[in-house]
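Report on one structure; see the data block that follows.
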Amino acid sequence: MNHKSKQHRQLINEILESDALHAHQVDAATKTFSALTGAVRAVVTAAEMQAGKSGIALALCCLQRLSLSDQEICERKHLKDTLYLVTMPDTALKEQAEDDLVLAKNVIVSNFVNFEKALENEFKGNPPKLIIIDECHYGSNVSAVRYSKIFDYLEQENDSCKVVFISATPFGALYGAETEYEEALELQAEAESEQDNKLLKEANEIAEKALKDSILRRDFNTRLVFHKTSNEYYGVREMLNNGKVQSLEGDSRNFLYPSDERDAFINQFKAHQGVGWSLVRVPAGSAMNAKEFMISQGVAEDSVYILGNSLSGVPEDEHCSIERFKKEFDDAQLFGDKLIAITVAGARAGINFGAMMKNNLISTWDSTVASVAAVVQANIGRACGYHGNNSSMHYTNINAAEAYAAILDHLEKTCSESAASDFDGLKEFFEDVCQEYQVNGLDVGLTIKYKRRRPIGDVETYKTSNYIAVPAKLLDHDSDFSHYTDDKHILQAIDLIRNEFTAKGAPSVKGNRAMRGKTKNWIKAHWINGDSYNNPEKARVDGTQKEKTIMYTQMLDQGEYLEFNRVVAPGSGELSENKLITASIFSIYNISRRQVDKKIMTTEDVWEMCDHFGIERDDTMFVIYKRGEYDLERSLLKKEHNKLPAKSGELSDESHFSDTAELIY
């Protein structure tokens with residue numbers, strides 16, 4: 001390394017080690033940049049709200065410059081090597097990004113509208129080596145920008161450039177276009193069966209466009225990295241764990257409708273001593289009504305501000321900019337006053353109120369009922385970050401908040417240590433989450449025909465009666481299991497499952513076992529292999545097979561309710577009502593058909609499960625659940641759910657955070 005290159009690298013390392021960046025941001029950037037090796041040209045970095053995405057981007061710029069050769073890093077023509085794109089065409093957001101990245105001398109900040117001009121003017125003769133796209137979830141919006149132009153550039157004009165997508169909620173960007181592609185394939189099949197050439201042409205065009213728009217473009221070998229925050233971070237999961245999220249359901253979502261929740265919100269605001277503020281988000285057109293209500297509750301008129309510009313039903317002199325509100329709050333601190341900020345649905349969620357305002361936040365109220373991203377990117381997301389306030393209350397759609405927490409838990413297990421690539425498994429998990437928590441979808445502007453409005457096929461619901469854990473003893477033909485249980489159905493199930501392994505002699509490794517035929521179809525068998533046992537990439541809503549088996553059995557041991565349908569996890573048209581027994585079968589003779597490093601459970605893995613349940617060690621063991629009483633109440637709830645429209649259509653009402661005149665900042 002020559003003296004000049006050493007000087008340049010030292011300057012970059014000083015940024016990485018400075019107070020401008022936190023260690024967790026540098027760690028996330030390092031994992032992201034490290035994933036961009038070999039054939040991997042795209043990485044999606046998922047980072048929670050207000051967790052420091054701008055810091056990750058700054059660190060990425062530094063790492064990109066450090067990756068230059070000694071000769072390149074010393075040549076001025078190679079200085080500009082990174083393009084940072086703001087997804088939405090908002091000049092204030094672009095200016096904010098430029099301020100955030102001012103220490104990185106190698107980055108050019110632009111947006112999707114002007115990115116081609118930026119390439120032409122700023123990278124003459126030296127195309128960028130890295131493109132960073134911020135808030136990539138906006139790209140999933142039906143009316144928003146698409147990624148095809150970026151990918152066309154990367155494929156046709158700059159095939160050595162890498163791309164990083166950053167978002168707190170990248171779900172729609174991951175699967176919005178993918179879902180459109182799947183629906184286009186269904187439309188193609190329909191057109192072919194009906195010999196409708198016009199419809200077929202339309203379906204082909206939709207499929208082609210969806211493939212071009214997807215950030216999971218196959219030849220980019222996309223990876224996913226999760227940004228693990230430090231212990232000082234306070235986010236949605238911490239709020240839920242501390243009991244600071246209050247559910248809004250039915251009419252209580254309407255801030256103008258009398259409810260216990262609204263009374264609690266008002267009373268907390270009034271009772272708060274000293275300086276503070278609350279954030280209220282209402283449907284478009286209701287802002288003035290919300291302000292008038294607050295005044296009727298004794299809040300001074302000059303303490304209630306409506307944030308936005310050209311809002312429906314709001315006189316011009318009632319509008320307040322974000323910057324003005326922040327200044328008003330600075331003044332209020334001098335006198336210990338409390339303020340109310342009212343925003344409307346339809347406004348983008350990108351307001352950074354700063355640590356000082358977060359530390360003095362009293363409460364938030366959000367009427368959003370649509371997607372996960374719409375909820376967590378709005379009020380509750382504005383309260384996330386690094387600050388000392390863990391007492392503020394948040395009134396919102398708790399189902400969406402809990403769904404987001406479950407997604408974060410899964411991503412943390414799956415890809416916080418290394419980049420993940422099992423996007424099909426992740427998609428299944430996302431679908432499970434939406435159905436489990438009964439939310440309309442993951443993200444904004446998606447045309448999805450499942451999720452909450454998808455009819456539930458497995459409606460007849462039962463509780464789980466009991467379970468037993470037994471060693472299989474496959475090499476012992478005369479084993480007697482009656483000392484484990486005297487239940488004839490469980491004993492018969494044990495016999496039938498053992499026979500699946502031994503019908504042709506000694507047990508052998510096999511990957512496609514099934515309990516078929518009238519004498520066996522009353523048993524649901526989960527054949528657990530090395531991949532499904534404890535691989536977090538294969539985990540579903542309740543975790544890996546190991547995790548959920550331990551969780552289910554502990555619930556039963558503690559007398560908690562466990563839905564039998566949840567244990568059965570029916571698929572391919574199966575119904576829980578047709579299953580009397582469900583068996584989780586841990587065995588060294590089950591093999592995964594996926595191309596993974598660990599296809600088969602080790603003997604030690606099976607022993608681990610045997611030891612957990614205190615049974616004799618074996619190379620195969622069963623955990624067997626029996627169906628219990630019929631649950632009329634839950635069955636009726638599912639049937640009521642199925643009366644909803646079968647297709648959700650475009651989630652466009654309160655789930656859009658569009659770049660309109662609703663909120664200018």
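Does L11 fit the bill of being at pLDDT 90 or above and not polar (S, T, N, Q)? So L11 passes the test. Inside region 554-575, can you point out the residues that are of a type in the set (S, T, Y) and within 20 Å of S532 (Cβ to Cβ)? Across region 554-575, the qualifying residue is only S572.
From the set of residues in region 305-338 that are of a type in the set (A, V, I, L, M, F, W, C) and within 18 Å of A92 (Cα to Cα), which is modelled with the lowest pLDDT?
I322
For region 97-123, residues that are more than 18 Å from D152 (Cα to Cα) and without any contact (Cβ under 8 Å) to a residue 24 or more places away in the chain total 4. Scanning region 97-118 for residues that are in a loop (DSSP other than H, G, I, E, B) and either touching an Asp or Glu at 6+ places or on another chain (Cβ under 7 Å) or more than 26 Å from S18 (Cβ to Cβ) (or both) gives N106, F112, V113, N114. Residues of region 611-644 that are buried (at least 16 other Cβ atoms within 10 Å of the Cβ), modelled with pLDDT of 95 or more and basic (K, R): K626, R627.
Counting the residues of region 46-93 that are hydroxyl-bearing (S, T, Y), part of a helix (DSSP H, G or I) and either within 19 Å of F165 (Cβ to Cβ) or touching a helix residue (DSSP H, G or I) at 6+ places or on another chain (Cβ under 8 Å) (or both) gives 1.
When the residues of region 254-297 are filtered to those that are among the small types (G, A, S) and within 15 Å of S392 (Cβ to Cβ), the one that is surrounded by the most Cβ atoms within 10 Å (Cβ to Cβ) is S278.
Please work out if N352 is at pLDDT below 80 and more than 20 Å from the chain's Cα centre (by Cα).
Taking the combined requirement at face value, the residue satisfies it.
Filtering A341, A332, A300 for residues that are in contact (Cβ under 8 Å) with a residue 12 or more places away in the chain, within 18 Å of G274 (Cβ to Cβ) and surrounded by fewer than 23 Cβ atoms within 10 Å (Cβ to Cβ) leaves a single hit, A332.
Yes or no, residue by residue, for (1) outside any helix (DSSP H, G or I); (2) modelled with pLDDT under 70; (3) touching a Lys or Arg at 6+ places or on another chain (Cβ under 6 Å):
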{"residue": "L185", "(1), (2), (3)": "no, yes, no"}
{"residue": "Q188", "(1), (2), (3)": "no, no, no"}
{"residue": "E192", "(1), (2), (3)": "no, no, no"}
{"residue": "K198", "(1), (2), (3)": "no, no, no"}
{"residue": "K201", "(1), (2), (3)": "no, no, no"}
{"residue": "I206", "(1), (2), (3)": "no, yes, no"}
{"residue": "L211", "(1), (2), (3)": "no, yes, no"}
{"residue": "I215", "(1), (2), (3)": "yes, yes, no"}
{"residue": "L224", "(1), (2), (3)": "yes, no, no"}
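A single member of L408, L491 is modelled with pLDDT of 80 or more, touching a Phe, Trp or Tyr at 6+ places or on another chain (Cβ under 7 Å) and among the aliphatic types (A, V, I, L, M), and it is L491. Among the numbered criteria (1) polar (S, T, N, Q); (2) at pLDDT below 95; (3) closer than 30 Å to E318 by Cα, which one does N267 miss? With respect to (1) polar (S, T, N, Q); (2) at pLDDT below 95; (3) closer than 30 Å to E318 by Cα, N267 is out only on (2).
Results for (1) closer than 17 Å to I528 by Cα; (2) out of contact with any Lys or Arg (no Cβ under 8 Å at 6 or more places or on another chain); (3) assigned to a loop (DSSP other than H, G, I, E, B), shown as yes or no for each residue.
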| position | (1), (2), (3) |
| --- | --- |
| S465 | no, no, no |
| A469 | yes, yes, no |
| H477 | no, yes, yes |
| F481 | no, yes, yes |
| Y484 | no, yes, yes |
| Q492 | no, yes, no |
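Being over 20 Å from the mean Cα position of the chain (by Cα) and in contact (Cβ under 8 Å) with a residue 40 or more places away in the chain is the filter here; which residues of region 362-393 pass it? Within region 362-393, I362, S363, T364, W365, S367, Y386, H387, N389, N390, S391, S392, M393 meet the criteria. Remark: pairs (first residue in region 20-42, assigned by TED's automatic domain parsing to the domain that holds C62 and in contact (Cβ under 8 Å) with a residue 12 or more places away in the chain; second residue among the hydroxyl-bearing types (S, T, Y) and assigned to a helix (DSSP H, G or I); Cβ separation under 9 Å; 6+ apart in sequence or on different chains) = Q25/S54.
The values are calculated or read from the model by the stated rules, or taken from the named source; none is laboratory data. Given the structure is predicted, the values throughout are model-derived calculations rather than measurements. In this analysis, Cβ positions are derived from the backbone assuming ideal geometry, glycine residues included, and neighbour counts consider all displayed protein chains.
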